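The values are calculated or read from the model by the stated rules, or taken from the named source; none is laboratory data. This one's a predicted model, so the numbers in the text were calculated from it and none came from an experiment. We place every Cβ from the backbone using ideal geometry, glycine too, and count neighbours over all the protein chains shown. These area figures cover heavy atoms from the full protein model, side chains too; ligands, DNA and RNA do not enter into them. Shrake-Rupley method; radii C 1.70, N 1.55, O 1.52, S 1.80 Å.
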Amino acid sequence: MDGRGVRQGFDGAALSRSAPTWSPRELRDEAIAVLARNDVGGWTKPAPRLYPHQWSWDTAFIAIGLARSDPNRALGELEHLFSAQWGDGRVPHIVFDPNARDYRPGPDLWASAAVSELAPRAVATSGIIQPPVHAIAVWRLLEVASSEAIRGRVAVLYPKLLAWHRYLAERRDPEGSGLITIYHPWEGTDNSPRWDAALARIPVGAIPPYARTDVSVVSADERPTSGEYDRYIWLVSLLRDAGYDDATIQNTHPFLIKDVQKSAVFSAACRSLERIAELVGAPREERSQIARWGERSGRAVQSSWDDALGLALDTDLRAGKPIRVATSAGLCTLLVPDMDRAIADRTEQTLFGPDFAGASGLAFPVVLSTARSSPEFRPRAYWRGPAWPLSNWLLWWGMTQRGSDASAARLRAPNLALLSRPEAHFAEYFEPFTGEPLGSLDQSWTAAVALDWLATQEASD
Ligand code: 2M8
């Protein structure tokens with residue numbers, strides 16, 4: 001154990017003693033250093049020990065951060081990820097590093113190439129997906145660090161991004177509803193209470209014994225329970241038995257959820273992809289197709305709005321009803337281009353209200369992953385309460401896109417304050433009442449979003 005990425009102890013009282021904080025310059029240097037240490041050679045692992053492979057949406061955030069310090073490497077991250085794209089356009093949630101052998105469960109669990117002809121042969125991957133932040137990352141890179149060389153490489157990446165979006169629009173939404181269907185909690189926000197009822201209904205069949213690396217790296221009370229993990233493994237075994245074939249899965253799988261957050265990200269990513277398509281001179285019909293996908297998803301997210309909760313809701317396809325659980329995913333209306341103004345304004349009220357960034361007793365007024373008043377709220381447990389910087393970044397970014405600059409700045413400031421304490425160590429997530437770093441330390445996407453926030457703050461000063 002090298003100690004990197006693992007907590008050595010936390011002095012909560014330090015918060016009340018006006019502990020020293022890093023200057024923006026120091027925070028930037030430290031964030032760049034985290035990304036350099038997690039660099040595996042052409043791509044960056046999400047965390048030093050907990051996550052030694054390449055993860056899909058982590059890569060997009062890492063690219064957003066690196067755009068500020070090393071644009072060539074930023075694009076290289078995405079190029080590496082997309083080199084493992086499947087034949088049907090899907091971008092796998094994990095691309096396994098053959099040199100990182102001690103991560104469990106590993107590539108054998110997925111057996112992707114053995115069960116699907118669409119899986120890449122040269123590299124082992126998982127068979128599921130994560131939110132499509134990639135086009136957003138590419139457009140951000142072009143916005144902040146465009147050059148002829150970068151634009152040339154983006155033109156090569158563009159058809160792959162298009163195939164990815166086509167996969168999402170057609171295979172993950174065969175009904176054409178605008179809402180993307182997910183098959184596994186790992187496709188969204190892991191142990192979020194959004195999935196509890198759907199998971200509880202699923203009887204777990206025989207699963208072979210499996211090992212977990214995560215609970216040997218991070219305290220078990222900050223990670224999914226073994227009951228949750230058994231279900232994750234069971235669902236993977238069902239997906240694997242279905243050969244990761246979307247049509248088969250949609251007929252047989254017990255866990256089918258229309259994920260409103262992923263759909264909102266998709267809608268936003270389509271706007272970015274439209275701009276990329278224009279830049280690379282893609283045909284008009286292609287650009288209109290991308291726009292139609294984005295608008296359809298935007299409308300569907302808007303229709304998922306629940307006025308009583310002030311949030312958008314997922315739909316459980318097997319139960320045939322919306323999932324009335326209040327989490328930060330429901331704030332995703334802020335990401336959707338051209339969202340109804342009243343709904344977006346109302347979402348901002350929810351975001352800054354007593355269930356999220358305005359909860360009483362918070363160390364820093366940042367967005368909680370699960371609503372404070374939700375019966376499922378647990379402040380140390382992974383996606384069930386702690387504050388996640390990347391989720392805060394997405395919401396902040398959404399507010400900047402809708403021109404809500406004062407609200408965006410109001411969310412960025414406490415996030416930067418949280419991360420500027422040296423004891424924060426760019427953690428994966430934070431206990432919201434003490435600011436204690438939880439999960440992995442030196443998490444790449446935390447460092448990455450800090451870089452982007454710092455750069456935008458500097459530009460606005
Ligand atoms: C977490 O997911 C992995 C499984 O994919 C895990 O729990 O072990 C999630 O936070 C996921 O969203 C993230 O992409 C991944 C790597 O940071 O870790």
Filtered residues of the range 59-73 (kept if open to solvent by less than 10 Å² (accessible area, probe 1.4 Å) and in a helix (DSSP H, G or I)):
59, 60, 61, 62, 63, 64, 65, 66
Within the range 49-74, how many residues are more than 14 Å from the ligand (Cβ to nearest atom) and among the charged types (D, E, K, R)?
3
From the option list 306, 314, single residue qualifying as open to solvent by less than 20 Å² (accessible area, probe 1.4 Å), within 21 Å of residue 384 (Cβ to Cβ) and touching a strand residue (DSSP E or B) at 6+ places or on another chain (Cβ under 9 Å) is 314
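For the range 156-179: of the residues being among the hydrophobic types (A, V, I, L, M, F, W, C) and open to solvent by 30 Å² or more (accessible area, probe 1.4 Å), which is farthest from residue 315 (Cα to Cα)? Quick ask: steps written out before the conclusion?
Residues of the range 156-179 among the hydrophobic types (A, V, I, L, M, F, W, C): 156-157, 161-164, 168-169, 179.
Still in the running and open to solvent by 30 Å² or more (accessible area, probe 1.4 Å): 156, 163.
Working: 156: 36, 163: 26 Å.
Here the residue is 156.
So, residue 291, is that one more than 23 Å from residue 316 (Cβ to Cβ), among the small types (Gly, Ala, Ser) and in contact (Cβ under 8 Å) with a residue 60 or more places away in the chain or not? First the steps, then the outcome.
Values: more than 23 Å from residue 316 (Cβ to Cβ): yes; among the small types (Gly, Ala, Ser): yes; in contact (Cβ under 8 Å) with a residue 60 or more places away in the chain: no.
No.
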Has the range 180-191 got at least one residue that is buried (at least 17 other Cβ atoms within 10 Å of the Cβ), closer than 24 Å to residue 392 by Cα, polar (S, T, N, Q) and more than 16 Å from the ligand (Cβ to nearest atom)?
yes
Yes or no: residue 194 surrounded by fewer than 19 Cβ atoms within 10 Å (Cβ to Cβ) and within 16 Å of the ligand (Cβ to nearest atom)?
no
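Could you please let me know if residue 119 is in contact (Cβ under 8 Å) with a residue 12 or more places away in the chain, more than 14 Å from the ligand (Cβ to nearest atom) and either assigned to a loop (DSSP other than H, G, I, E, B) or open to solvent by 50 Å² or more (accessible area, probe 1.4 Å) (or both)? Spell out how you get there, then give the answer.
Numbers: in contact (Cβ under 8 Å) with a residue 12 or more places away in the chain: yes; more than 14 Å from the ligand (Cβ to nearest atom): yes; either assigned to a loop (DSSP other than H, G, I, E, B) or open to solvent by 50 Å² or more (accessible area, probe 1.4 Å) (or both): yes.
Yes, satisfied.
Please work out which residue is nearest to residue 271 (Cα to Cα), limiting yourself to the range 346-388 and to residues that are open to solvent by 60 Å² or more (accessible area, probe 1.4 Å) and not hydroxyl-bearing (Ser, Thr, Tyr).
Initial filter on the range 346-388 (open to solvent by 60 Å² or more (accessible area, probe 1.4 Å)): 346, 349, 354, 360, 365, 372-373, 375, 378, 380.
Then drop every residue that is not not hydroxyl-bearing (Ser, Thr, Tyr), which leaves 346, 349, 354, 365, 372, 375, 378, 380.
Details: 346: 23, 349: 25, 354: 32, 365: 30, 372: 32, 375: 36, 378: 35, 380: 35 Å.
This residue is 346.
When you scan the range 248-263, do you find a residue that is small (Gly, Ala, Ser) and within 16 Å of the ligand (Cβ to nearest atom), even just one?
Here is the first cut: in the range 248-263, the ones small (Gly, Ala, Ser) are 263.
Narrowing further to those that are within 16 Å of the ligand (Cβ to nearest atom): none.
Checked the range 248-263: no residue is small (Gly, Ala, Ser) and within 16 Å of the ligand (Cβ to nearest atom).
Just to check your reading of the model, which residue among 362, 390, 394, 441 is on the phi < 0 side of the Ramachandran plot, outside any helix (DSSP H, G or I) and within 16 Å of the ligand (Cβ to nearest atom)? It would help to see each step written out before you state the result.
On the way: 362 fails: within 16 Å of the ligand (Cβ to nearest atom); 390 fails: outside any helix (DSSP H, G or I); 394 fails: outside any helix (DSSP H, G or I).
Sole residue among the options that is on the phi < 0 side of the Ramachandran plot, outside any helix (DSSP H, G or I) and within 16 Å of the ligand (Cβ to nearest atom): 441.
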Scan the range 411-418 and tell me whether some residue there is surrounded by fewer than 24 Cβ atoms within 10 Å (Cβ to Cβ), within 16 Å of the ligand (Cβ to nearest atom) and in contact (Cβ under 8 Å) with a residue 12 or more places away in the chain.
no
